[in-house]
1. Could you check residue 22 against (1) at pLDDT 90 or above; (2) surrounded by fewer than 20 Cβ atoms within 10 Å (Cβ to Cβ); (3) touching a helix residue (DSSP H, G or I) at 6+ places or on another chain (Cβ under 9 Å) and say which number it fails?
2. Does the stretch 32-39 include one or more residues that are under 20 Å from residue 79 (Cα atoms), modelled with pLDDT under 85, in contact with a helix residue (DSSP H, G or I) (Cβ under 7 Å, 6 or more places away or on another chain) and not charged (D, E, K, R)?
3. Considering only the stretch 43-59, state which residues are of a type in the set (S, T, N, Q) and farther than 17 Å from residue 28 by Cβ.
4. Could you tell me whether any residue of the stretch 132-145 is polar (S, T, N, Q) and surrounded by fewer than 18 Cβ atoms within 10 Å (Cβ to Cβ)?
5. Looking at this structure, is residue 76 touching a helix residue (DSSP H, G or I) at 6+ places or on another chain (Cβ under 7 Å), closer than 24 Å to residue 140 by Cα, open to solvent by less than 70 Å² (accessible area, probe 1.4 Å) and β-branched (Val, Ile, Thr)?
6. Please work out which residue is nearest to the chain's Cα centre (by Cα), limiting yourself to the stretch 121-131 and to residues that are closer than 26 Å to residue 33 by Cα and either open to solvent by less than 50 Å² (accessible area, probe 1.4 Å) or among the β-branched types (Val, Ile, Thr) (or both).
7. Among the residues of the stretch 89-106, is any touching a residue at least 24 places away in the same chain (Cβ under 8 Å), within 30 Å of residue 151 (Cβ to Cβ) and either surrounded by fewer than 10 Cβ atoms within 10 Å (Cβ to Cβ) or of a type in the set (Val, Ile, Thr) (or both)?
8. Residues that are open to solvent by 80 Å² or more (accessible area, probe 1.4 Å), closer than 22 Å to residue 57 by Cβ and among the charged types (D, E, K, R): does the stretch 107-120 have at least one?
Amino acid sequence: MKHVFQWLLISIALAGFCPVATAELLVFAGAGMRAPLSELGRNFTQDNGTEVVYDFAGSGRLGGKVLMGVSPDLFIPGSDKWAEKLKDEGFIRKCVPLAYHTPVIITPKGTHKVGKINDLTRKDIRIALGDPEAAAIGRNNRKLFKRANLDPAAMNIVARGGDRQTAGAMG
């Protein structure tokens, strides 16, 4: 992914999406991409001397900023819905998939309580999920549960939120 991101940033600079004289690239990115993109941005700055400045937030908030006239050099939403909307309205020239949300089950080291997806309905299993109204991964989870014929109301969901909110709630 490092090479894909660097290729995207270099392509943006060379294609004239931002002024050649700029020493800064503004990147709007979904909050869930904070960790990998921050590291890639530091590496890009170190290698190329161009500062990468991020605005990490939900796709809707970032898309709204674009609609209000704030133009990032690169938009990496957590949802392709926003990329397509902005492309259809002429704010984005081209959409290229960079990453995909892949739901995973993370358990404390040494815990073997979850062996199959149906175990998520057990009351002794505490679950933190992305908010389906605020996070693309939350909507993906909702679709996954529907396909698996699981009712989230039967789950012991102790936290819903975005990137850092959910992780902090499980503390």
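The values are calculated or read from the model by the stated rules, or taken from the named source; none is laboratory data. Remember, predicted model here, so these are calculated numbers, not experimental data. Here the Cβ positions follow ideal geometry from the backbone for every residue, glycine too, while neighbour counts run over all protein chains shown. Areas reflect the complete protein model, heavy atoms only, side chains present, ligands, DNA and RNA absent. Shrake-Rupley method; radii C 1.70, N 1.55, O 1.52, S 1.80 Å.
1. The single condition residue 22 does not satisfy is (1).
2. yes
3. Step one: filter the stretch 43-59 for residues of a type in the set (S, T, N, Q), giving 43, 45-46, 48, 50, 59.
43, 45, 46, 48 - these are the residues of the stretch 43-59 that are of a type in the set (S, T, N, Q) and farther than 17 Å from residue 28 by Cβ.
4. No, the stretch 132-145 has no match at all.
5. yes
6. Top of the filtered list is 130.
7. Among the residues of the stretch 89-106, not one is touching a residue at least 24 places away in the same chain (Cβ under 8 Å), within 30 Å of residue 151 (Cβ to Cβ) and either surrounded by fewer than 10 Cβ atoms within 10 Å (Cβ to Cβ) or of a type in the set (Val, Ile, Thr) (or both), which makes the answer no.
8. No; the residues of the stretch 107-120 include none that is open to solvent by 80 Å² or more (accessible area, probe 1.4 Å), closer than 22 Å to residue 57 by Cβ and among the charged types (D, E, K, R).
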